[in-house]
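Engineer: One structure, pasted below without further comment.
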Amino acid sequence: MPFQLYNSMTREVGPLKLFKKPNDPDGKRVSLYVCGPTIYNYGHIGNFRTYVAVDLLKRALKHFGYQVDHVMNFTDVDDKTIRGAREKNLPLKEFTAIYRQAFLEDAKTLNIDLPQPEKMPNATDHIPAMIELIKKLVSKGSAYVSDDGSVYFRISSFPKYGCLCHLDLQNLISGARVNQDEYEKEGVGDFVLWKKWVATDGDVGWDSPWGKGRPGWHIECSALSMEHLGPQIDIHGGGTDLRFPHHENEIAQSEAATGEKFVQHWFHVEHLLVDGQKMSKSLGNMYTVRDVLARGYTGRELRYALLSGANYGKNLNFTWQGMDDAKTALSRIDEWKKRVRAMGPEKAPAGSKSMEESPGVTTFLQALDAALAHDLNINDALGHCFSLIRETHKAIDAGRLTPLQAHHLNIAWQTLDSILALGDATATIPAEVQALLDQRVAARQAKDFAKSDALRKAIEALGWKVKDTSKGQELLSG
């Protein structure tokens, strides 16, 4: 079945269309560029909603037989990073390295499949490529050096400007310029490609044909994507807040430079709300991944909550009740996996046939493909999963589940989890909980049952349950 996605440019769901590539005779190689974080602080869960959604897209593409060439940048020079480094009295590179590492750790906590290290460039490692791209735009008349010494893109030279966000160029103020990296549609105008050095930049600056300065934010993604993926990208992803001005400006400067269509498909992830409100520092609801873990939840539970609450193209409302619901849902999945694994081997019994003997599994896998192939319909996919779980419990309770059918259910879970990447509960036990478990083992071996009970209560206070079995203690989430 054809894989379909919503395209922010056309505002329609349609089949995925790829640019023709000389090394891709089967049309199965997808170039995917994603705007990475600006590394001036810890990423909040709204940021990570985008990266979890992109991860779902990437894994789904692989499931449907595509090869994904994935690139993601790190913005380590802009207004915010320079200001943050100055406030901390640190060199820019040292300051941003702290938050790059924090992002990588948080992504690992959420089991996000990031690109290879060489495909996650810092902007400052590619300044020469940006300068060359700007020179090309200047030579074509698409950019100019202003009286303030900076270089600006001339949007009047690009008639398509506004095509992604459906802006009306007739209403733009002639000659208006924007020197900030971020701005609203009301302030649209010629945007900065190269910023002339000013005293507040401190020691941040590079030599260029236009004097010492630094790149504007928008030019970096065009330059980095061209360097790593070529002049055209099959899928360009990011948060919905990047549509304007960032992605609109990327289209203009890239297509003005190459004369070719820049992106085939735009993939935007909508906002994350917290208790129905926008995240903001003033409301105290701008939670990081680390804030969520500090409340006793796991990265696995947060990943499920970010995946399951709503389709990527709709706003997702984050609540602590939603986190508890995620914990409950994962407990149901874990209990089902345990019962299935106890019933059948991981490998198929000798002489067994294929899925013909497990029609319920075949139906599930077909329904799963249909849901994911239609704009990553995660809610339908999870609905089919929990229907399978209910039917499995009925079959086990009635003594109708055969070892071969259990084996096929194991295959079904492996298929689903290759896309959802939820893993097993034991893979994400917080270090604090594991330490208490180890202490409890020692207490029970010493027959100090009062201490064992106290440790059980301490573990439960962190949102976990301990079950004592003939094989030892067993940890359950929730």
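Engineer: Give me the 1.4 Å probe accessible area per residue for segment 86-182, excluding ligands and nucleic acids, in Å².
Structural biologist: Spelled out: the 1.4 Å probe surface of segment 86-182, per residue, equals 54 Å².
Engineer: Let me ask you something else. Label point 7 Å out from Ala294 along Cα-to-Cβ: which residues of segment 25-46 have amide N under 15 Å?
Structural biologist: Of the residues in segment 25-46, 42-45 have backbone N under 15 Å from the label point off Ala294.
Engineer: Val274's amide H: which non-local residues (gap 5+, or another chain) put their own amide H closer than 5 Å, with H modeled 1.01 Å from N in plane and none for Pro or chain starts?
Structural biologist: Met279, Phe318
Engineer: Still on this structure, please answer the following. What is the spin-label model distance, in nm, from Glu432 to Phe64 if the labels are put 7 Å beyond Cα along the C-beta direction?
Structural biologist: The two pseudo-label positions are separated by 4.2 nm.
Engineer: If you average 1/r over all unlike Cα pairs in segment 256-331 and invert the result, what Kirkwood radius do you get in angstrom?
Structural biologist: Hydrodynamic radius (Kirkwood, Cα only) of segment 256-331 equals 14.3 Å.
Engineer: Ok, one more. First select every other residue whose beta carbon is under 14 angstrom from the beta carbon of Asn377; then total the charges, Lys and Arg +1, Asp and Glu -1.
Structural biologist: Overall, the nearby charge balance is -2.
Engineer: May I pose another question? Work through the residues other than Asp448 whose Cβ is under 15 Å from its Cβ and net out their charges, Lys, Arg +1 and Asp, Glu -1.
Structural biologist: Net local charge, Asp448 excluded: +3.
Engineer: Okay, next question. How much mean residue ellipticity at 222 nm does the chain get from its helices, if each DSSP H run of length 4 or more adds -39500 (n - 2.57) and you divide by all residues, to the nearest 500 deg cm²/dmol?
Structural biologist: About -14000 deg cm²/dmol.
Engineer: Moving on to the next point. Please give the contour-minus-distance gain from Lys447 to Asp148: 0.36 nm per residue of separation, less the Cα-Cα distance, rounded to one decimal in nm.
Structural biologist: Here the answer is 99.9 nm.
Engineer: Considering the dipole of the chain built from charges on the beta carbon (Lys and Arg +1, Asp and Glu -1) around the Cα centre, which of Ala60, Val151, Val361 is farthest to its positive end?
Structural biologist: Val361
Engineer: What is the distance in Å between the Cα centroid of segment 79-111 and that of segment 211-288?
Structural biologist: Each part's Cα centre sits 19 Å from the other's.
Engineer: Rounded to the nearest 10 degrees, what's the angle between the helix 45-63 long axis and the longest principal axis of the chain, both from Cα atoms, 0 to 90?
Structural biologist: Around 70 degrees separate the two axes.
Engineer: What is the distance, in nm, between label points placed 7 Å from the Cα along the Cα-to-Cβ direction at Ser418 and at Ala461?
Structural biologist: Computed distance between label sites Ser418 and Ala461 equals 4.4 nm.
Engineer: Rounded to the nearest 0.05, what FRET efficiency do Cys165 and Lys314 have when you use their Cβ-Cβ distance and R0 = 25 Å?
Structural biologist: So the FRET efficiency works out to roughly 0.85.
Engineer: Which option, (i) 4, 17, 25, 24, 16, 9, 5, 1, 0; (ii) 4, 19, 28, 26, 16, 6, 1, 0; (iii) 3, 15, 21, 19, 14, 10, 8, 6, 2, 1, 1, 1, 0, 0, 0, is the value of P(r) over Cα pairs in 10 Å bins from 0, in percent that was calculated from these coordinates?
Structural biologist: From the options (i) 4, 17, 25, 24, 16, 9, 5, 1, 0; (ii) 4, 19, 28, 26, 16, 6, 1, 0; (iii) 3, 15, 21, 19, 14, 10, 8, 6, 2, 1, 1, 1, 0, 0, 0, the structure gives (i).
Engineer: Within the chain, what whole-number % of the accessible surface is contributed by carbon and sulfur, with the 1.4 Å probe and all protein chains included in the calculation?
Structural biologist: 51 percent
Engineer: How far, in degrees from 0 to 90, does helix 449-461 lean away from the longest principal axis of the Cα atoms of the chain, to the nearest 10?
Structural biologist: 40 degrees
Engineer: Pairing the Cα long axis of helix 217-229 with the longest principal axis of the chain, what angle in degrees results, from 0 to 90 and rounded to the nearest 10?
Structural biologist: With rounding to tens, the tilt is 70 degrees.
Engineer: Once fully extended, how much extra length lies between Asn41 and Arg390, figured as 0.36 nm per residue of separation less the alpha-carbon to alpha-carbon distance?
Structural biologist: 121.3 nm
Engineer: Label points 7 Å out from Cα along the Cβ direction at Gln366 and Ile411: separation in nm?
Structural biologist: With each label point 7 Å from Cα toward Cβ, the separation is 1.5 nm.
Engineer: Sticking with this one: Local charge sum around Leu316 (other residues, Cβ-Cβ under 9 Å, Lys/Arg +1, Asp/Glu -1)?
Structural biologist: Taking every Cβ under 9 Å from that of Leu316, the sum is +1.
Engineer: Taking a threshold of 20 Å on the Cα-Cα distance, which of the pairs Lys17/Lys135; Lys62/Lys338; Lys447/Lys467; Lys140/Lys261 fall above it?
Structural biologist: Table pairs above 20 Å Cα-Cα are Lys17/Lys135; Lys62/Lys338.
The values are calculated or read from the model by the stated rules, or taken from the named source; none is laboratory data. Not measured: the values here are computed from a predicted model. Neighbour counts are summed over all protein chains in view; Cβ atoms, including those assigned to glycine, are modelled from backbone coordinates with ideal geometry. Keep in mind that these areas ignore ligands, DNA and RNA; they rest on the heavy atoms of the full protein, side chains included. Shrake-Rupley method; radii C 1.70, N 1.55, O 1.52, S 1.80 Å.
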